[in-house]
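Asks: Just dropping this structure here.
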Amino acid sequence: MMARIFRSYVGLLVRLAVGLVVSVASAGAFAPPSWFSGSVTIDLPFEASSLVSGPDGTALILGAGGELALIDIATARIVGASELKGQPVAVATGSRMRTEARIAVVTRAADGGLALSALSLGARGPIGTIALKIDERLAQAIAPGAIVVGADEDRAAGGRRLLLWDRAPGSPIQYFSLLKPGGYVAVPVKDIPRALAPIGAGRLMLGIHPESDLLSIVDPAQGDLIDLVSVDGLSYKAPESLALFAPMAPEGGSGSVVIANAESGILTIVTVGGLSRPRLDLPLQLTLPEPFRAPGARPALAADHDAQFILAGIEGARELRVVQRLKGALNFGDTLVLDAPLRALTAVSPPSGAGEDAFLFLSGDGRSLTISDIASLLQRARSGVTFQPQVAAAPNVPLEAGSLSALATIEVMRLQRALGGLGYKIGAIDGRGGPLTETALRAFQLDQGLEPTGKLDPETATALQAALSASGGQTANARVLDAFDRTTDAALGEDFDSGRLLAMGPTQTNVDHPCFGLNDVPPETLWPNAVKFANLLRRIEGELGQPVEVVAGYQNEALTRCLGVGAHPLHGAFQAFDIRLAAEADGGVKKLSDSLQGLAARGLATFDMRVEGGFVHVGTEIGRNLALVASYPAGARSCEAAKADVDEFARLLAGGDLAGREIFVARLADNDIYAVAVDTNSDQRAAEAASRAIAAVAPQSSDRKTGADSYVIRNRDLFFDPACTRIAVIRDQAQRKKY
């Protein structure tokens, strides 16, 4: 393969790069660079009035007098500032606009006139300002709106363009004003949305139509409404009574939009689905508490990138409510009390997608800004009480049977959490047991083959409890389970009960746990990461002669954020599992610990281990000593070559002394290199023998030379890269029993 011409040079680079020795405890435990974590407060050089999420991990701070500052979230410092003429009334941000500007600001002068400025932002440099002519037809706009539409690759349609319109309901301006390279174009719309947000579907936007209580997917460049649904609670008269937040807006949106309407007192989350044709999924709605519905209330919203945790507050108040989104419901969670009244709120996602979202709070006097991640906020809201990964916050009490009208409010809420956590759309967890809850209950009964009475009879309560237990044990999706099982069996070279690795943990079986319903199955890109643990698990079961129960495996980002300091990063990479011996009173923790330590002593495994209550936490890691087969510069084409090497040498080395060892593609972060290697863990002599074995079979490889220069490398910071994964266990030709 063409990529192999790099081997001699890159091989030398790998020798130099991984020649350092590290401790067994840290080997292979890759932790991506932290973008931002914790909490910090900074003083501002002017009185700020609002915040806007900016491009590439930044935020914009705007002052009522036209001041503007760019803050870099990673360093929590201001990296550029400018002063505009007039008060900022609309801001559009995007990673790159057609005019090479990244941000556009509409300002209103003292005489009421509007002006448009384009700001050129460097990653760390100063801000340059360019004055642009505003469309004269928008001169009388009551509440101007501005947004960037399109994508850089959409050159045929003009790349990124700036869209201006009037957000005020009842405005005579019934068109979008689109700024393209050739000037402004008026795009008429039959029922113009008065609020827009990017939804992650190219140039398409989510539109809100307050006069008709409609939501739409709109193409603002054409004025076309792609999808249109009626949703209660969207009508408003004052634009400031509506708060709209689109996670990852500067990057085009994440697919979800959060809406808070103070006039109707309703919080709405909209998600866009569909592949060939975007469509609006059934919105989830929650009634906001009384302070949000007070006359003149101005709501403030922010959400993390997948809209699992939403912060809702009111300008001028200290209290924030945390709203959690389950699969099919919204639920009020913790209450956060700020040190000072809130003036503005936003959230910024990390530019690389790795790390926690940063929530930004502007104090009531506009002179200080607090930046915090969700884990710190939840810990503060819980007054220092954190939830360990597998410790429930309350006993797992069975659901009570009865008609919805006869159940107590708390029991209806528990039923709603159970149904929402299982994916049934019930809207809000409010304890009222209305039509949506009854419809969801009937749907569950039909799925279980029960009579759809809409009542929580004993048979239905038992079925719900069983469904919750199953959701904690493993995914109920048979297609995913089958695909994962086939993938793992192929990597191990034998029939193995891999479905148990998809256990979601006790937090997902207990409707009273604050993190219930947040977890999900791991994405397919992470499936290979579990092979090392599967290989370790079958060694343990072979030694002990009894099956091992997997209590929990993968934890998605939402669950990790909820658990806070109780989470373990390797769970998020699908490389950590909590296990026990179900037949043992104490979970067999000593037996498991002794077996694991014995495997490590013989150089057969590398892991992070700790005992937590009645189970053993095991995080698998890449070993200290490896025998290199080949190396490549990181890239899509070289990834395919590296994966082909794994498959080929797993076959060539089968039946020999390396049987049972893992061979995989790993990445060396500092030098952007893919290494194909056989893991011999802590055994230096085994690594040397493996290197000789690789060289011995090299003449049988497809190019008759791959592996001929194999040598031993010492792991420094190799990690499994989701962009390029392949792992196989070298076979011994024997089929083992499936427990």
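Asks: How many residues are among the acidic types (Asp, Glu) and either touching a helix residue (DSSP H, G or I) at 6+ places or on another chain (Cβ under 7 Å) or at pLDDT 90 or above (or both) if we restrict to the stretch 251-280?
Replies: Kept after step one, since they are among the acidic types (Asp, Glu), are these residues of the stretch 251-280: 251, 263.
Applying the additional criterion that residues be either touching a helix residue (DSSP H, G or I) at 6+ places or on another chain (Cβ under 7 Å) or at pLDDT 90 or above (or both) yields 263.
Here the count works out to 1.
Asks: Something else: Among the residues in the stretch 720-739, are any touching a Pro at 6+ places or on another chain (Cβ under 6 Å) and in a loop (DSSP other than H, G, I, E, B)? I'd like the intermediate steps shown before the answer.
Replies: Taking the stretch 720-739 and keeping what is touching a Pro at 6+ places or on another chain (Cβ under 6 Å), we get 725, 727, 739.
Right, trim to in a loop (DSSP other than H, G, I, E, B) and you get 725, 739.
So far as the stretch 720-739 goes, yes, one or more of its residues are touching a Pro at 6+ places or on another chain (Cβ under 6 Å) and in a loop (DSSP other than H, G, I, E, B).
Yes/no per residue for (1) of a type in the set (Asp, Glu); (2) within 29 Å of Ala723 (Cα to Cα):
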site	(1), (2)
Gly434	no, no
Ser469	no, no
Val480	no, yes
Leu492	no, yes
Asp512	yes, no
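Asks: Taking the options Gly328, Gly253, name whichever one is touching a residue at least 24 places away in the same chain (Cβ under 8 Å), over 23 Å from Ala146 (Cα atoms) and either touching a Gly at 6+ places or on another chain (Cβ under 9 Å) or in the same structural domain as Leu164 (by TED's automatic domain parsing) (or both). Break it down into steps so the answer makes sense when it comes.
Replies: Working: Gly253 fails: over 23 Å from Ala146 (Cα atoms).
Of Gly328, Gly253, the one residue that is touching a residue at least 24 places away in the same chain (Cβ under 8 Å), over 23 Å from Ala146 (Cα atoms) and either touching a Gly at 6+ places or on another chain (Cβ under 9 Å) or in the same structural domain as Leu164 (by TED's automatic domain parsing) (or both) is Gly328.
Asks: Out of all the residues in the stretch 404-452, which are buried (at least 22 other Cβ atoms within 10 Å of the Cβ), over 28 Å from the mean Cα position of the chain (by Cα) and at positive phi?
Replies: Gly433
Asks: Considering only residues that are outside any strand (DSSP E or B) and hydrophobic (A, V, I, L, M, F, W, C), which ones fall in the stretch 688-715?
Replies: Matches in the stretch 688-715: Ala689, Ala690, Ala693, Ile694, Ala695, Ala696, Val697, Ala698, Ala708.
Asks: Moving on to the next point. List the number of the failed condition for Leu362; all other conditions in (1) within 21 Å of Thr93 (Cα to Cα); (2) not in a strand (DSSP E or B) hold.
Replies: So the condition that Leu362 fails would be (2).
Asks: Exactly one of these conditions fails for Val22: (1) surrounded by fewer than 20 Cβ atoms within 10 Å (Cβ to Cβ); (2) modelled with pLDDT of 50 or more; (3) hydrophobic (A, V, I, L, M, F, W, C); (4) closer than 30 Å to Arg561 by Cβ. Give me its number.
Replies: (2)
Asks: Residue under question is Ala503, and the condition is that it be without any contact (Cβ under 8 Å) to a residue 12 or more places away in the chain and of a type in the set (A, V, I, L, M); does it hold?
Replies: Here the answer is no, as Ala503 does not meet what is asked.
Each row is one residue, and each column tells you yes or no for (1) of a type in the set (Ser, Thr, Tyr); (2) touching a Leu at 6+ places or on another chain (Cβ under 6 Å); (3) surrounded by fewer than 21 Cβ atoms within 10 Å (Cβ to Cβ); (4) touching a residue at least 12 places away in the same chain (Cβ under 8 Å).
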| position | (1), (2), (3), (4) |
| --- | --- |
| Val185 | no, yes, yes, no |
| Pro188 | no, no, yes, yes |
| Ala195 | no, yes, no, yes |
| Pro198 | no, no, no, yes |
| Ala201 | no, no, yes, yes |
| Met205 | no, yes, no, yes |
| Asp213 | no, yes, yes, yes |
| Pro220 | no, yes, no, yes |
| Asp224 | no, no, yes, no |
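Asks: Same structure again: Just to check your reading of the model, which residue among Ala696, Ala642, Ala630 is hydrophobic (A, V, I, L, M, F, W, C) and surrounded by fewer than 16 Cβ atoms within 10 Å (Cβ to Cβ)? Outline the logic, then answer.
Replies: Values: Ala642 fails: surrounded by fewer than 16 Cβ atoms within 10 Å (Cβ to Cβ); Ala630 fails: surrounded by fewer than 16 Cβ atoms within 10 Å (Cβ to Cβ).
After applying the criteria, what remains is Ala696.
Asks: Taking the condition within 22 Å of Gly274 (Cβ to Cβ) and not hydroxyl-bearing (Ser, Thr, Tyr), does Gly233 pass?
Replies: In short, no.
Asks: Residues of the stretch 651-683 being surrounded by 18 or more Cβ atoms within 10 Å (Cβ to Cβ), closer than 20 Å to Arg538 by Cβ, of a type in the set (A, V, I, L, M) and in contact (Cβ under 8 Å) with a residue 60 or more places away in the chain, which ones?
Replies: Leu653, Leu658, Ile663
Asks: Any idea how many residues of the stretch 466-509 are modelled with pLDDT of 85 or more and not in a helix (DSSP H, G or I)?
Replies: Residues in the stretch 466-509 being modelled with pLDDT of 85 or more and not in a helix (DSSP H, G or I): 8 in total.
The values are calculated or read from the model by the stated rules, or taken from the named source; none is laboratory data. The model shown is predicted, which means the values in this text are computed figures rather than measured ones. Note that we place each Cβ from the backbone using ideal geometry, even for glycine, and neighbour counts take in every protein chain shown.
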